[in-house]
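Heads up: the structure comes next, in structure tokens.
No value in this document is a laboratory result; all are computed from the given coordinates. Treat the numbers as computed from the prediction; the structure is a model and nothing was measured. Every residue, glycine among them, receives a Cβ derived from its backbone with ideal geometry; neighbour counts consider all protein chains shown.
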Amino acid sequence: MGKPVVLIIDSDLSTLALVEASVDSSQVDLVVARDVESAREIMETSGPTVTLLDGKLASAAELLVEGRQLLVHRPAVLPH
């Protein structure tokens, strides 16, 4: 059985770099999209297992309206 495909949709390069550095590529195939248009194309061709979405991304609601199952990232401030 193949590795799960995780699609990350985020326009922030630092967030993408953090996610890429945190993922074990031997366990997961990570696919990155920086905008909704690219994400839609990837979702239709690759069929990701799970999609993580930056909730602040403009026009992100379009994907939610299309009935996709997404995990929406909302930034959190953690106390030190």
Self-check item: Approximate spin-label separation Ser14-Glu41, in nm, with each point projected 7 Å along Cα-to-Cβ
Solution: 2.8 nm
Self-check item: Prolate/oblate/rounded call for the stretch 1-59, Cα gyration tensor, a/c under 1.5 rounded
Solution: oblate
Quiz item: Taking H as built 1.01 Å from N, whose amide H comes closer than 5 Å to the amide H of Val32, not counting residues under 5 places away?
Solution: Ile8
